[in-house]
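Report on the following structure.
The values are calculated or read from the model by the stated rules, or taken from the named source; none is laboratory data. On a predicted model such as this, the values are computed, not experimentally measured, just so you know. Don't worry about glycine lacking a Cβ; one is built from the backbone with ideal geometry, like all the others, and counts go over all protein chains shown.
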Amino acid sequence: MCELPVVLPRRLAAAAPGWTTTADVVVVGSGIAGLTCALRLRERVDRVLLVTKTVLSAGSTAWAQGGIAAALHPEDTPQEHLDDTLVAGAGLCDVEAVRALVTEGPDRVRELVALGAHFDLDDGGEIKLTREGGHHRDRIAHAGGDATGAEISRALIAALQQVRNDPGIEVVEHALVVDLLTAADGAVCGVTLHVIGEGQRDGVGAARARAVVLATGGLGQIYTSTTNPPVATGDGMAAALRAGARVTDLEFVQFHPTVLFLGEGSTGQQPLISEAVRGEGAFLVDDTGRRFMQGRHELADLAPRDIVARGILDVMGERGLDHVGLDARHLGAAFLEERFPSIVARCRELGFDPAVDLLPVAPAQHYASGGIETDLRGRTSVDGLYACGEVSCTGVHGANRLASNSLLEGLVFAHRIADDVTARLEAGDLAGREPVAADDDGGVDLLEGDLRIELQRTMTRGCGPLRSADSTAAAQEGLAALAARPARAADPGPDAWETTNLLHLGQALALLARRREETRGGHVRTDFPEREDRWRVHQGVTRGADGQLVVVERPVSEPMGVRA
């Protein structure tokens with residue numbers, strides 16, 4: 001296999017910082033991971049700066065329909081939750097990371113309740129638990145039926161608002177992080193960011209800190225169709241990659257099996273039909289009405305997401321379909337409206353009624369199982385830099401995330417990061433450092449924002465749920481052609497920065513996708529249809545001193561990150 005070399009710059013082209021602020025810790029992102037980490041740090045360190053790309057509530061957390069998984073039922077155990085997570089992860093989970101998740105998760109959820117999050121309760125006043133794909137127990141806690149993420153986001157933002165006047169914490173909204181500041185020894189010592197409409201902090205500035213926590217979410221906008229919000233352009237992941245951090249398992253993209261199909265050519269954020277709908281008894285059918293998931297897996301329609309997505313893709317290919325049907329009609333209008341008010345309302349807005357219509361569904365990008373590699377404390381391979389939530393790769397998800405483990409991961413590892421940062425600050429282990437200019441100090445030319453759709457189509461065709469050597473090679477070639485375009489963005493700005501971030505991540509993802517010659521987790525390699533023991537490895541990618549991406553394979557037996 002002849003690999004195309006990929007060379008990335010150290011930073012993006014941007015104006016020199018026109019202002020500077022300082023903090024002990026900068027937290028970037030305001031989903032469950034960022035908010036939890038910032039709130040916990042604010043109790044312990046002198047000054048925390050929380051930066052968010054648009055407004056506090058605009059991230060992926062607020063869109064989470066399914067729920068948060070935890071072994072809260074007396075008959076459930078963390079070990080059972082661990083076992084289900086390992087099965088979904090298709091042999092690539094870090095067992096110790098999963099153990100931390102499932103053992104600490106129940107207490108973290110209870111703390112959310114104490115903070116003010118209102119989960120749905122059963123008749124006995126306990127948190128009502130349901131089941132989703134890949135789980136053998138009822139362990140999914142919901143809020144507002146299908147508005148769990150929105151309720152968790154509301155509770156965390158409410159807690160933050162109560163301390164907004166505290167001089168120990170500052171919140172900056174409408175701020176896009178451009179790049180990471182690094183010291184002479186390579187350690188991270190802050191970020192550059194572009195702020196819109198913040199008075200004297202308009203434009204590009206520098207936020208200096210002894211530690212940076214990235215909680216910037218995923219990269220869904222790298223594909224034409226995704227359940228992710230428009231802000232999910234991989235900014236933190238790309239900045240970390242340019243700064244030399246190791247990014248791992250990036251090729252493992254989860255495609256949610258049941259996204260409402262709105263017709264050929266529909267792009268951008270697509271309506272998700274939560275797995276919880278199948279958890280309550282809905283099922284998938286082909287164009288003849290046949291329930292095709294029965295016999296494919298012991299859990300049938302509630303099999304892990306990769307199994308269900310693969311089943312749908314098989315049927316679509318066999319029968320020449322662009323979607324299949326999700327049948328929830330037998331559940332009745334009253335039940336559907338009470339249990340899934342948001343989903344029902346959105347479907348009806350689009351001309352579908354789940355109580356009377358088969359819903360057209362097809363897989364679409366949903367979650368990045370890989371990301372910036374961290375250890376059990378959230379530390380990355382670059383000193384001073386932490387990552388949490390979807391931007392990170394803790395080893396919890398392996399090749400395919402188990403349903404509703406994402407919110408829990410953000411919650412558990414945000415606590416771990418806050419504890420580790422606090423301890424290191426108290427010990428003097430995170431010293432203040434001076435940033436140095438990058439070798440390519442002029443920054444890279446930027447990709448025009450209007451080329452984003454071409455980039456997305458290239459990635460969808462080449463590195464979607466169905467892949468091959470030819471398709472991934474074509475993606476690499478297409479991205480290389482985009483990177484070499486002579487027409488570049490005339491003026492640096494958010495659209496160009498975001499599109500260039502997607503380009504850099506697309507180049508890394510396509511590189512790893514082409515190298516992995518097997519079918520595992522969230523994708524199918526049509527030329528290598530079986531899972532191979534030889535590929536029971538993590539692929540990590542880093543930017544070398546010459547700017548070229550370097551791939552390192554590591555056996556699953558070696559834990560994520562570098563542990564003391």
Task: Filter pass, Ile417 being crowded, with 22+ Cβ neighbours inside 10 Å and either at pLDDT 90 or above or part of a helix (DSSP H, G or I) (or both) - done: yes
Open item on the list: As an exercise: evaluate Val315 against (1) within 25 Å of the chain's Cα centre (by Cα); (2) β-branched (Val, Ile, Thr); (3) buried (at least 18 other Cβ atoms within 10 Å of the Cβ) and give the number of the one condition it does not meet.
Closed with: (1)
TODO: May I ask you to list the residues in segment 362-401 that are at pLDDT below 95, of a type in the set (Lys, Arg) and surrounded by fewer than 24 Cβ atoms within 10 Å (Cβ to Cβ)?
DONE: none
Open item on the list: Against the condition β-branched (Val, Ile, Thr) and over 30 Å from Ala209 (Cα atoms), how does Thr103 come out, does it pass?
Closed with: yes
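What residue, of Arg210, Arg154, is of a type in the set (Lys, Arg), buried (at least 16 other Cβ atoms within 10 Å of the Cβ) and assigned to a strand (DSSP E or B)?
Residue meeting the stated conditions: Arg210.
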Task: Where Val25 falls short, out of the listed (1) in the same structural domain as Phe413 (by the TED database); (2) farther than 17 Å from Arg433 by Cβ - done: (2)
TODO: Read through the list (1) in contact with a strand residue (DSSP E or B) (Cβ under 8 Å, 6 or more places away or on another chain); (2) free of Cβ contacts under 8 Å to residues at least 24 places away in the same chain, then give the number of the only condition that His297 fails.
DONE: (1)
TODO: Restricting attention to segment 536-564, report how many residues are surrounded by 19 or more Cβ atoms within 10 Å (Cβ to Cβ) and either outside any strand (DSSP E or B) or small (Gly, Ala, Ser) (or both).
DONE: 3
Open item on the list: Exactly one condition in (1) at pLDDT below 95; (2) part of a helix (DSSP H, G or I); (3) crowded, with 22+ Cβ neighbours inside 10 Å is false for Leu482; which is it?
Closed with: (3)
TODO: Any chance you could count how many residues in segment 1-57 are within 30 Å of Ala474 (Cα to Cα), in a loop (DSSP other than H, G, I, E, B) and among the aliphatic types (A, V, I, L, M)?
DONE: 5
Task: Among the candidates Ala215, Ala147, Ala155, residue that is within 29 Å of Glu80 (Cβ to Cβ) and free of Cβ contacts under 8 Å to residues at least 60 places away in the same chain - done: Ala155
Task: Hits in segment 173-187 (condition: in a strand (DSSP E or B) and under 22 Å from the mean Cα position of the chain (by Cα)) - done: Ala175, Leu176, Val177, Val178, Asp179, Leu180
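Select, from Leu331, Leu260, Leu321, Leu302, the only residue that is touching a strand residue (DSSP E or B) at 6+ places or on another chain (Cβ under 7 Å) and of a type in the set (A, V, I, L, M, F, W, C).
Numbers: Leu331 fails: touching a strand residue (DSSP E or B) at 6+ places or on another chain (Cβ under 7 Å); Leu321 fails: touching a strand residue (DSSP E or B) at 6+ places or on another chain (Cβ under 7 Å); Leu302 fails: touching a strand residue (DSSP E or B) at 6+ places or on another chain (Cβ under 7 Å).
That would be Leu260, the only listed residue that is touching a strand residue (DSSP E or B) at 6+ places or on another chain (Cβ under 7 Å) and of a type in the set (A, V, I, L, M, F, W, C).
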TODO: Output the number of the condition that Asp146 fails; it satisfies all remaining conditions of (1) modelled with pLDDT of 90 or more; (2) assigned to a loop (DSSP other than H, G, I, E, B); (3) under 21 Å from the mean Cα position of the chain (by Cα).
DONE: (1)
Open item on the list: Can you tell me which of (1) surrounded by fewer than 19 Cβ atoms within 10 Å (Cβ to Cβ); (2) among the polar types (S, T, N, Q); (3) part of a strand (DSSP E or B) is the one Ser342 doesn't meet?
Closed with: (3)
Open item on the list: Condition check: of a type outside the set (Phe, Trp, Tyr), in a loop (DSSP other than H, G, I, E, B) and in contact with an Asp or Glu (Cβ under 7 Å, 6 or more places away or on another chain). Does Arg137 satisfy that?
Closed with: yes
Open item on the list: Conditions first: (1) assigned by the TED database to the domain that holds Asn400; (2) surrounded by fewer than 24 Cβ atoms within 10 Å (Cβ to Cβ). Ala238 passes all but one, so which condition is the exception?
Closed with: (2)
Open item on the list: Suppose we filter segment 318-339 for residues that are in contact (Cβ under 8 Å) with a residue 24 or more places away in the chain, surrounded by fewer than 16 Cβ atoms within 10 Å (Cβ to Cβ) and among the acidic types (Asp, Glu); how many remain?
Closed with: 2
